[in-house]
Amino acid sequence: MDQVKRVIVSMLGNVPELSPLVDGTVLCAQMIIDCYNKGKKVLLCGNGGSSADCDHIVGELMKGFMKKRPLTKEQEDLLKDRFKDQWENVKGKLQQGLPAISLCVHHGLITAFCNDVDPDLVYAQQVLGYGNEEDVLIALSTSGNSVNVVNAVKTAKAFGLKVIGFTGRSGGMLKELCDLCLCAPADDTYRVQEYHLSIYHAVCAAVEAYFFEK
């Protein structure tokens, strides 16, 4: 935990408005670390700019962000056996990833479900399909009241997922529904999203440092 907090304090130190959220950000990182230590995964959902943030977070978790992530010898041996003569071209390029799935990018599923069933349940459907007990759902909504995100959170809680909310100042409905809600100190959407970027970069850096410091 000391290592996690040290990384987060260093990352958020240039944003004094976020100092009250340091402890919550540390807890957020620890929840994700616990999830990965149990062999679980992270799901993410949001709309508009928050949808883009989901994709951004996945990018930081699934490949190297601020650290090198070399494969283990066992992973290399398994890959070398399959790639054979191609191995020298592959060696050193693949990296260890931390499993994370954005629920915002499955366009065929999303458009079909929204058209055929109910757009307010489009993320809930994916949580139902992908989610397992003790996975983590990260739910981003600047108002905290986005209906499809709120419904995803309700579904996640029904099936034993841990839920982390990223919202604006009020927290909206998510503040009461999530296990942890990080309420950025702003009301305007663009400002909330700017704060979210700083927070989730700190979280991703801390999680990566925990697993790949060496």
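Derivation of every value follows stated rules applied to the coordinates shown; laboratory data play no part. Everything quoted here is computed from the prediction, not taken from an experiment. Using ideal geometry, Cβ is built from the backbone for each residue, glycine included, and neighbour counts are taken over all protein chains shown.
Below are the figures for this structure:
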quantity: Among (1) touching a strand residue (DSSP E or B) at 6+ places or on another chain (Cβ under 7 Å); (2) not in a helix (DSSP H, G or I), the one test that Cys35 misses; calculated: (2)
quantity: Test result for Leu177, of a type outside the set (Ser, Thr, Tyr), more than 24 Å from Glu60 (Cβ to Cβ) and exposed (fewer than 15 other Cβ atoms within 10 Å of the Cβ); calculated: no
quantity: Residue list for segment 178-196, filter: farther than 17 Å from Met11 by Cβ and in contact with a strand residue (DSSP E or B) (Cβ under 8 Å, 6 or more places away or on another chain); calculated: Cys178, Asp179, Leu180, Cys181, Cys183, Val192
quantity: Which numbered condition Ser170 misses (of (1) under 16 Å from the mean Cα position of the chain (by Cα); (2) surrounded by fewer than 21 Cβ atoms within 10 Å (Cβ to Cβ)); calculated: (1)
